[in-house]
Amino acid sequence: MFLKRTITKNVNIMQLFKPKYACIHALTRNTEQSSPEYSTINESEVSKFSQIANEWWSPNGPVKLLHTMNPLRISYIREQLKNKKIGDEVSSSSYHHHHPFRGLRMLDIGCGGGVLTEALVRLGGSVIGVDASDENIKIAKLHAKKDPILHGNLEYQCITAEKLLKQGETFDVVCAMEIIEHVNNPVEFLKACAGLVKPGGGYLFLSTISRTPLSYILTILLAENTFKIVPQGTHDFQKYLRPDELQKIIENIKNDDKWGKVIDITGIGLNPITSKWCKLPDWIPGKFDVNYFLTAQRI
Amino acid sequence: MSLKYLPNRILFQNNKLFNINLFSSIFRQQYHKINIRKRYLATVSSSTSSDLLENIYDIVIVGGGISGSALACALASSSKITGSQKRVAIIESSDTSNIKGWKPIKGEFSNRVSSLTPRSVEFFKGIGVWQNIEEERIKPFKDMQVWDGISDARIKFNNENTGIGPLAWILENYNIHHAILRTLDQYKEDSDVDFLDNTKVQKISFDKENKDEPFDLSDWPCVELSNGKKLKTRLLVGADGINSPVRSFANIDSLGWDYNSHAVVATLHVDSNVENKTAWQRFLPTGPIAMLPLQNGYSSMVWSTTPNLANKIRSMSSNDFVHLVNAAFQLRMADLEYFYSQLGDGESVDFQNEFEWRKDVQSKNSNYKEEFPPIVLGVQEKTRAGFPLRMRNAESYIKERIVLVGDAAHTIHPLAGQGLNQGLADVQCLLKVIEQGIINGQDIGDINLLREYSSERYFANIMMLGVVDKLHKLFGTSLTPIVLARSFGLKVLDNFDPIKAEIMKFAMGAE
């Protein structure tokens, strides 16, 4: 379907692999271009995910892959935060071993039904989950009632990252997982996310899909069109960002001073036999070519 | 109950999210969880939610048999589970005081014994159970002989010179169960496991009327007990045996069939001049008969045979029984058939005489000398018992918030001594999966997590069930071509060490 569209437009196939947002390259020159009312929320994306709101927690539903990816996302965040000092808390005592995120104020942007959010709370975090879709937030709130352990440390809001930033909120940890590929302007969006990270060592976790021929084949041709593991139209290939592009955007963000730096990029993959997600080892060529995690730390 | 379940918002109406967290983390460090539970319950005892909080569990295990109590013990031993303050309850309908108070009596053995594979023993060591086993009642064996009742083709497994250690350990079930309950007791201080024995499960249901505000526990299984309590649980474990009520509640079918045979067990007194170090099994056309070493002078017998014969074997006189067992291990099929024909008749022959002269004739005519189990001299009073044999496998081991382990999930023919070992492997796997779920912040009742348990155990169990069932069928016939083929197979296997080593590994529970 996607191919047909590009062909009728007489677009060279190679253009597919160029980023959709010209401003990525203009970033170094101008980072202060946004108007105050500008929103990175893509209405059609929001309605797309609102439609499946009821399916967030169905075990074989359209977001099944997200559920299977979640343990790896959590173990990645755990690993990156292990024994690191954030604010006044050090996550190393024996008690914290079982609740590694205790004492951390965390934000999950694009929380959907709360798949990641709930897990962060269970590991001790004080978490706010935000999503642009009111439907998602309703589902997330309903689902959170099903587990008493979440009570008191979890809050959901239907709000955008930009608005939160304007309210002057900051967090020890900001997660924006599997969301950058769904927003209108990733540069602006990432600036808002980055601004929400507490200065002086707060963390930003990102997870997205790279823009390569392989990722096109796997995430669009196979996952969406052929095997229909994810609903068709979930992804827009041109919105994918390569890790180097993402790193460039983040490291070029300027508040008064330089924002911070990327400290880790990890490629991940889905084992088709065990249907488990795993970190890709270093020897795999093109390990960043499809899904990857990225950690950045604010100075 | 730990503080995690407290509805903080009831206590502090206008707080901000993170004040609560600070408050509760200070609290957590200062007070022991039990104190907090009491404290909290005291303050809100008039409220309806106190009852709810008291009876919310993370894991409820139905069935306190060996698998169920081993799971409780494994959970109590795990720092990941106790560290994250998981609440566990285990419900057993019978009174366990006789198991808790079990003491071995010299020269007397229970008729119910199990053979533990090296893997099961390792697991017991890991969760602290093995240290509590009565040491003088453990019989490891390195030597096993299995032979065909019709052709006498034989396969010998011997681990004596391989350095791998014993093939298996024979223990009375009482010894195992006693050690588990004792270990569980030792973990009492550091874990939150409630052992409720003498308590029956009245009903399992989902409590659809949501009275749990501010929570919604309508999809948590609710277990109603004979003491009037209702336990709501994040994860319900069915360790409740072949007719598992938990499995019925989950609406999971159990597939399989009943073998047309019963097992007769007994504790035998055997010739104490022979070193008792070998497990023996002879495949008779009616089913296998096995003799497992307990100590010098004592062995345990499991004889699977037709229901009709089983009844006669159980009720015949002890004296005749002893010689029938000797005949079943040592004489040719035709001779054994003669013994069968004499069963149940008022005027039967002298079994001892019959056995002795037939054995004498047989050894004079035989060109080769085969090894036989030690001669049986007597049987311990009141140890003859019987039960029907079945094969079952649940069509699934999991449902949302429900998981089956042990006999509730699968039942196997005892000929390879694998039933309990499979159940313990289930428990071991479930522990690993729950720990993994806790590390990753998952809800431990989540079906996505439980799938990891079922995908690992379902395949392993069905393999074992299949192999054992085929063995039973293969040796359950007297058709000459099949007898010839299987005897040829046994002889080939016996001379082919690499394959024999693989069989041993499989039977020993290696991955």
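The values are calculated or read from the model by the stated rules, or taken from the named source; none is laboratory data. Computed from a prediction, not measured in an experiment: that's the story for all the values here. Every residue, glycine as well, gets a Cβ built from its backbone with ideal geometry; the counts of neighbours run over all protein chains shown. Ligands, DNA and RNA are stripped out before the accessible areas are found, and what is left, the full protein with its side chains, is counted by its heavy atoms. Shrake-Rupley method; radii C 1.70, N 1.55, O 1.52, S 1.80 Å.
The residue that is least open to solvent (accessible area, probe 1.4 Å), counting only those in the stretch A:141-165 that are away from every other protein chain (no Cβ under 13 Å) and in contact (Cβ under 8 Å) with a residue 60 or more places away in the chain, is A:Ala161.
A:Leu204 meets the stated requirement of being surrounded by 21 or more Cβ atoms within 10 Å (Cβ to Cβ), of a type outside the set (Ser, Thr, Tyr), at pLDDT 85 or above and touching a Lys or Arg at 6+ places or on another chain (Cβ under 8 Å). Which ones in the stretch B:322-342 are over 23 Å from B:Glu370 (Cα atoms) and under 33 Å from the mean Cα position of the chain (by Cα)? B:Tyr340, the sole residue that qualifies. Residues of the stretch B:246-264 that are more than 30 Å from B:Ala328 (Cα to Cα) and in contact with a strand residue (DSSP E or B) (Cβ under 6 Å, 6 or more places away or on another chain): B:Val246, B:Arg247, B:Phe249, B:Ala250, B:Ile252, B:Ser254, B:Leu255. Filtering B:Asp469, B:Asp426 for residues that are out of contact with any helix residue (DSSP H, G or I) (no Cβ under 6 Å at 6 or more places or on another chain), in contact (Cβ under 8 Å) with a residue 60 or more places away in the chain, of a type outside the set (A, V, I, L, M) and open to solvent by less than 10 Å² (accessible area, probe 1.4 Å) leaves a single hit, B:Asp469.
For B:Glu275, the conditions (1) of a type in the set (Asp, Glu); (2) in contact with a Gly (Cβ under 9 Å, 6 or more places away or on another chain); (3) closer than 30 Å to B:Gln330 by Cβ all hold with the exception of (2).
Working carefully through the options A:Asp236, A:Asp257, find the one that is of a type outside the set (S, T, N, Q), surrounded by fewer than 16 Cβ atoms within 10 Å (Cβ to Cβ) and out of contact with any helix residue (DSSP H, G or I) (no Cβ under 9 Å at 6 or more places or on another chain).
Within the list A:Asp236, A:Asp257, the selection yields A:Asp257.
Can you confirm whether B:Arg401 is of a type in the set (Lys, Arg), within 14 Å of another protein chain (Cβ to nearest Cβ) and open to solvent by 40 Å² or more (accessible area, probe 1.4 Å)? Criteria not met by B:Arg401. Within the stretch A:96-110, restricting attention to residues that are of a type outside the set (A, V, I, L, M, F, W, C) and under 10 Å from A:Leu123 (Cβ atoms), the residue that is nearest to the other protein chains (Cβ to nearest Cβ) is A:His98. One residue stands out in the stretch B:138-196 among those that are polar (S, T, N, Q) and open to solvent by less than 10 Å² (accessible area, probe 1.4 Å): the one that is modelled with the lowest pLDDT, namely B:Asn159. Give me the residue from the stretch B:101-123 that is more than 20 Å from B:Thr383 (Cβ to Cβ) and in contact (Cβ under 8 Å) with a residue 60 or more places away in the chain and, out of that set, surrounded by the fewest Cβ atoms within 10 Å (Cβ to Cβ). Once the filter is applied, the top-ranked residue is B:Arg119. Looking at (1) farther than 24 Å from B:Lys382 by Cα; (2) open to solvent by less than 40 Å² (accessible area, probe 1.4 Å); (3) not in a helix (DSSP H, G or I), which is the one condition that is false for B:Glu275? Of the numbered conditions (1) farther than 24 Å from B:Lys382 by Cα; (2) open to solvent by less than 40 Å² (accessible area, probe 1.4 Å); (3) not in a helix (DSSP H, G or I), the odd one out for B:Glu275 is (2). Residues that are touching a residue at least 12 places away in the same chain (Cβ under 8 Å) and assigned to a loop (DSSP other than H, G, I, E, B) within the stretch A:249-283 comprise A:Asn252, A:Ile253, A:Asn255, A:Asp257, A:Trp259, A:Ser275, A:Leu280, listed in sequence order.
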